[in-house]
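Visitor: Can you keep this structure in mind? I'll have questions shortly.
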Amino acid sequence: MYIGEDSYEDIFRSITEMVQTFQQSNRGLAFSQERQFSADNLHKIVEDLKYVLGIPSGEAFILRCAQASEQLDELKKYIEYLKKFVNATEGVKKSSEGRLAKLRQEAEAFSSQEMVQKLYQEIILIVDSLAQSGEDA
């Protein structure tokens with residue numbers, strides 16, 4: 001997946017907002033933010049790697065590639081961190097969908113119960129009116 005230049009801040013801001021929302025609503029999220037991961041650091045790593053790719057092949061390129069291994073390792077850590085976030089939010093989404101389906105079923109059952117009660121009250125009224133008309137006769 002490609003992340004545009006201006007998106008690094010947006011991604012990390014969204015993560016922060018999501019975590020804060022879950023904390024404020026007292027809902028669990030199986031994810032914790034780690035300070036070592038930031039938009040600025042990710043942007044720097046990506047820019048450094050782009051620079052390495054722009055070096056013409058030769059001795060300088062080989063030297064920079066050897067030095068870039070640390071940055072590649074850091075980039076892998078960012079990928080894992082972002083995957084953890086996605087997995088945590090997908091888990092929440094799944095459980096929320098399950099709760100929503102259950103609430104819909106309960107709402108339907110409640111509506112049916114209300115309808116049965118109204119019909120029962122109508123039957124009682126009809127029976128009462130029939131009983132009264134039978135007494136009047």
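Visitor: Among the residues in segment 69-85, are any among the polar types (S, T, N, Q), loosely packed, with under 10 Cβ neighbours inside 10 Å and out of contact with any strand residue (DSSP E or B) (no Cβ under 6 Å at 6 or more places or on another chain)?
Guide: Yes, some residue in segment 69-85 is among the polar types (S, T, N, Q), loosely packed, with under 10 Cβ neighbours inside 10 Å and out of contact with any strand residue (DSSP E or B) (no Cβ under 6 Å at 6 or more places or on another chain).
Visitor: Hey, another quick one. Taking G28 as meeting all but one of (1) modelled with pLDDT under 90; (2) more than 14 Å from the chain's Cα centre (by Cα), write down the number of the exception.
Guide: Every listed condition holds for G28 apart from (2).
Visitor: Follow-up question, since we're still on this one. (1) at pLDDT below 85; (2) in a loop (DSSP other than H, G, I, E, B): which one isn't true of V52, the others all being true?
Guide: (2)
Visitor: From S57, S96, S112, which residue is out of contact with any His (no Cβ under 9 Å at 6 or more places or on another chain), more than 30 Å from T16 (Cβ to Cβ), of a type in the set (S, T, N, Q) and surrounded by 10 or more Cβ atoms within 10 Å (Cβ to Cβ)?
Guide: Just a single option satisfies the conditions, and that option is S112.
Visitor: Here's something else I'd like to know. Any chance segment 56-65 includes a residue that's among the hydrophobic types (A, V, I, L, M, F, W, C), at pLDDT 90 or above and part of a helix (DSSP H, G or I)? Walk me through how you get there before you give the answer.
Guide: First pass over segment 56-65, keeping only residues among the hydrophobic types (A, V, I, L, M, F, W, C): 60-63, 65.
Among the residues that remain, those that are also at pLDDT 90 or above are: none.
No: zero hits.
Visitor: If you go through segment 24-31 one residue at a time, do you hit one that is hydrophobic (A, V, I, L, M, F, W, C), in contact with a helix residue (DSSP H, G or I) (Cβ under 9 Å, 6 or more places away or on another chain), in a helix (DSSP H, G or I) and in contact (Cβ under 8 Å) with a residue 24 or more places away in the chain? Don't jump to the end; show me each part of the working.
Guide: Keep residues of segment 24-31 that are hydrophobic (A, V, I, L, M, F, W, C), which gives 29-31.
Among the residues that remain, those that are also in contact with a helix residue (DSSP H, G or I) (Cβ under 9 Å, 6 or more places away or on another chain) are: 29-31.
Narrowing the set further to residues that are in a helix (DSSP H, G or I) leaves none.
No: zero hits.
Visitor: Of the residues A101, A88, A68, only one is modelled with pLDDT of 85 or more, small (G, A, S), touching an Asp or Glu at 6+ places or on another chain (Cβ under 8 Å) and under 30 Å from I15 (Cβ atoms); which?
Guide: On the way: A101 fails: touching an Asp or Glu at 6+ places or on another chain (Cβ under 8 Å); A88 fails: touching an Asp or Glu at 6+ places or on another chain (Cβ under 8 Å).
Only one candidate passes the filter, namely A68.
The values are calculated or read from the model by the stated rules, or taken from the named source; none is laboratory data. Computed from a predicted model, the values in this text were never measured in an experiment. With ideal geometry, Cβ positions are generated from the backbone for all residues, glycine too; neighbour counts draw on all protein chains shown.
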